[in-house]
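Trainee: Take this structure first; my questions come after.
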Ligand SMILES: Cc1cc2nc3c(=O)[nH]c(=O)nc-3n(C[C@H](O)[C@H](O)[C@H](O)COP(=O)(O)OP(=O)(O)OC[C@H]3O[C@@H](n4cnc5c(N)ncnc54)[C@H](O)[C@@H]3O)c2cc1C
């Protein structure tokens with residue numbers, strides 16, 4: 001694992017960080033970023049060793065995500081979607097599908113994205129209907145990142161008749177049931193190539209199905225994802241601390257570092273108590289937003305110039321406030337913000353102090 005931490009730090013310092021500003025401004029991630037991540041084994045982090053993966057432990061995975069996110073949030077977020085494909089293939093009872101795809105996904109030869117968010121809302125945005133030896137999928141996934149950068153998508157849809165969420169692999173290209181692709185213009189992470197996808201009678205044959213789970217089980221399974229998404233905000237916090245230090249704001253930097261460490265510890269503890277996850281996730285994103293704002297204030301007007309890291313980080317902190325949001329995270333965040341508005345920092349545990 002030390003080896004992977006060193007590799008992550010090297011990629012972060014030498015590849016991702018120097019390009020982060022341009023990635024943001026030009027809305028494009030160089031293909032060489034993803035190639036380097038693949039060469040160094042980062043596409044197979046969670047894949048089992050028998051399929052060429054590294055099978056890293058969850059806490060190690062989180063640290064690696066945090067290191068990469070501290071250098072380029074956009075690249076890290078886009079690459080992160082791939083692990084939905086790897087996990088789907090690693091856990092599927094469909095051994096033929098696993099044998100066909102998992103090795104290639106672990107090496108990064110095959111790159112993937114996720115399209116699960118349309119299955120969750122009530123009523124669902126994406127529905128599956130049993131037809132012949134497979135499923136017909138219809139509806140819209142509001143956000144799919146990595147479009148044009150990935151080969152396959154791990155798509156999920158709800159069968160309202162039986163209450164199961166069906167997931168499987170599809171090719172990430174227009175046609176064959178992907179009726180329309182609507183590019184989204186984002187204020188942060190534009191280079192993630194996030195689109196809204198419209199499925200019309202997309203056929204998902206049984207041989208491409210990874211999992212079928214009751215909706216409640218499916219949602220419970222997303223809890224780990226909330227911790228992973230928290231690592232994006234923790235990565236931003238690392239960068240904000242470093243930049244605050246370089247701007248001479250040592251007291252604020254130290255306060256943020258200490259508070260981030262507390263939040264990380266709480267977050268890890270919350271894995272055993274999923275009910276605590278939303279509030280911890282909320283505290284983490286709120287702290288990232290405060291820290292990035294503090295850096296912008298520290299550098300002053302220069303920080304608003306479009307090439308400056310300060311304005312980028314501040315926009316990226318807004319991204320971590322809402323991306324991969326869930327109703328309970330939103331409620332926790334709004335509660336935190338309301339308490340702060342009512343009582344000031346004294347009454348809010350989420351502040352620097
Ligand atoms: C820039 C960006 C990129 C994204 N990329 C991807 C991607 O690549 N793949 C992908 O699949 N998703 C992606 N998402 C979607 C993300 O995973 C969340 O689904 C989305 O951010 C939900 O937040 P929201 O505030 O838009 O909607 P919300 O209003 O929070 O949720 C939408 C609906 O879903 C319901 N809902 C959401 N979560 C739950 C839950 N756990 N239990 C019950 N009901 C729930 C809500 O009630 C609501 O009706 C992306 C989102 C953004 C903003």
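The values are calculated or read from the model by the stated rules, or taken from the named source; none is laboratory data. Being a predicted model, the structure only gives us computed values, none of them experimental. Ideal geometry is used to build each Cβ from the backbone, glycine not excepted, and the neighbour counts take in all protein chains shown.
Trainee: Looking at 341, 302, which is the one that is away from the ligand (no atom under 16 Å from the Cβ), farther than 21 Å from residue 230 by Cα, loosely packed, with under 15 Cβ neighbours inside 10 Å and modelled with pLDDT of 95 or more?
Mentor: 302
Trainee: Which of the residues that make up region 265-278 are touching a residue at least 24 places away in the same chain (Cβ under 8 Å) and surrounded by fewer than 20 Cβ atoms within 10 Å (Cβ to Cβ)?
Mentor: Passing the criteria: 268, 271, 274.
Trainee: Being in contact (Cβ under 8 Å) with a residue 60 or more places away in the chain and within 15 Å of the ligand (Cβ to nearest atom) narrows it down to one residue among 330, 281, 326; which is it? Explain how you work it out, then say what you get.
Mentor: On the way: 330 fails: in contact (Cβ under 8 Å) with a residue 60 or more places away in the chain; 281 fails: in contact (Cβ under 8 Å) with a residue 60 or more places away in the chain.
Checking each option against the conditions leaves just 326.
Trainee: Looking at residue 122 and the list (1) assigned by TED's automatic domain parsing to the domain that holds residue 314; (2) without any contact (Cβ under 8 Å) to a residue 12 or more places away in the chain, which single condition is not satisfied?
Mentor: With (1) assigned by TED's automatic domain parsing to the domain that holds residue 314; (2) without any contact (Cβ under 8 Å) to a residue 12 or more places away in the chain applied to residue 122, the lone miss is (1).
Trainee: Report those helices (runs of 4 or more DSSP H) wholly inside region 20-129 carrying at least 2 residues which are away from the ligand (no atom under 16 Å from the Cβ) and more than 24 Å from residue 218 (Cβ to Cβ). I'd like the intermediate steps shown before the answer.
Mentor: Values: elements: 31-39, 58-69, 73-80, 82-91, 95-107.
Helices (runs of 4 or more DSSP H) meeting the threshold: 31-39, 58-69, 95-107.
Trainee: Name every residue in region 199-216 that is within 16 Å of residue 116 (Cβ to Cβ) and in contact with a strand residue (DSSP E or B) (Cβ under 8 Å, 6 or more places away or on another chain), in order of residue number.
Mentor: Hits for region 199-216 are 199, 202, 204, 208, 209, 210, 211, 212, 213, 214, 215.
Trainee: Take residue 229 and decide whether it is in the same structural domain as residue 132 (by TED's automatic domain parsing) and either out of contact with any helix residue (DSSP H, G or I) (no Cβ under 9 Å at 6 or more places or on another chain) or within 14 Å of the ligand (Cβ to nearest atom) (or both).
Mentor: No; evaluated as a whole, the condition is false for this residue.
Trainee: Got at least one residue in region 174-192 being out of contact with any helix residue (DSSP H, G or I) (no Cβ under 8 Å at 6 or more places or on another chain), modelled with pLDDT under 95 and part of a strand (DSSP E or B)?
Mentor: Yes, some residue in region 174-192 is out of contact with any helix residue (DSSP H, G or I) (no Cβ under 8 Å at 6 or more places or on another chain), modelled with pLDDT under 95 and part of a strand (DSSP E or B).
Trainee: Please give the number of the condition residue 201 fails out of (1) more than 21 Å from the chain's Cα centre (by Cα); (2) at negative phi.
Mentor: (2)
Trainee: Another question, if that's okay. If residue 210 satisfies every condition in (1) more than 24 Å from residue 166 (Cβ to Cβ); (2) not assigned by TED's automatic domain parsing to the domain that holds residue 300 but one, which is the exception?
Mentor: The failed condition is (1).
Trainee: Another question, then. Looking at residue 240 and the list (1) within 9 Å of the ligand (Cβ to nearest atom); (2) part of a helix (DSSP H, G or I); (3) buried (at least 19 other Cβ atoms within 10 Å of the Cβ), which single condition is not satisfied?
Mentor: Just one mismatch for residue 240, condition (1).
Trainee: Of these, 139, 132, 148, 168, which one is assigned to a loop (DSSP other than H, G, I, E, B) and either surrounded by 20 or more Cβ atoms within 10 Å (Cβ to Cβ) or within 14 Å of the ligand (Cβ to nearest atom) (or both)? Before you say what the answer is, go through the steps one by one.
Mentor: Values: 139 fails: assigned to a loop (DSSP other than H, G, I, E, B); 132 fails: either surrounded by 20 or more Cβ atoms within 10 Å (Cβ to Cβ) or within 14 Å of the ligand (Cβ to nearest atom) (or both); 168 fails: assigned to a loop (DSSP other than H, G, I, E, B).
Result of the check over 139, 132, 148, 168: 148.
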